[in-house]
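Note sheet for the following structure.
Just so it is clear, none of the values below were taken in a lab; they were calculated from the coordinates. Computed from a predicted structure; not experimentally measured. Glycine gets a Cβ as well: all are built from the backbone with ideal geometry, and neighbour counts include every protein chain shown.
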Amino acid sequence: MTKITKEEVKKVAHLARLELNENEINNHAEQLKKILDYIRQLEKIDTENVDPTTRAIEVINVFRKDEKKKSDCKEELLDLGPSREDKYFKVPKIINE
């Protein structure tokens, strides 16, 4: 069980451009020690005959046929915008001539 030193926490904080006070350094060192202890526990588990997976539960996508449909909600959609002019959204000019 290796202990994470304050110097190692300070070095990582420096590389990550984090400013940590002494209390935060001690806290992070203790938390990292606990994380590494937990990882050591996990390393003891025999996973020789366990297939790799990306999720704990099986996820199945439900696909539907892509069908073209007529829609008559153009007015409703245009009304949702902040401003409109006729059948278009009205936006501020962003290009100078």
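Brief remarks on what is shown
- Residue in segment 77-93 that is charged (D, E, K, R) and in contact with a strand residue (DSSP E or B) (Cβ under 7 Å, 6 or more places away or on another chain) present: yes
- Members of segment 47-87 found to be within 30 Å of the chain's Cα centre (by Cα) and not hydrophobic (A, V, I, L, M, F, W, C), listed by number: Thr47, Asp51, Pro52, Thr53, Thr54, Arg55, Glu58, Asn61, Arg64, Asp66, Gly81
- Scan of segment 74-89 for residues that are part of a helix (DSSP H, G or I) and basic (Lys, Arg), ordered by number: Lys74
- Hits in segment 1-50 - residues which are exposed (fewer than 10 other Cβ atoms within 10 Å of the Cβ) and either touching a Phe, Trp or Tyr at 6+ places or on another chain (Cβ under 8 Å) or among the polar types (S, T, N, Q) (or both): Thr2, Asn21, Asn23, Gln41, Thr47, Asn49
- Contact map, segment 27-49: residues that are free of Cβ contacts under 8 Å to residues at least 12 places away in the same chain paired with residues that are in a helix (DSSP H, G or I), Cβ distance under 8 Å, separation 6+ or inter-chain. No pairs are found.
- Positions within segment 38-73 being within 30 Å of Lys3 (Cα to Cα), among the β-branched types (Val, Ile, Thr) and part of a loop (DSSP other than H, G, I, E, B), in sequence order: Ile45, Thr47
- Subset tally (residues that are more than 13 Å from Glu8 (Cβ to Cβ) and basic (Lys, Arg)) for segment 20-43: 2
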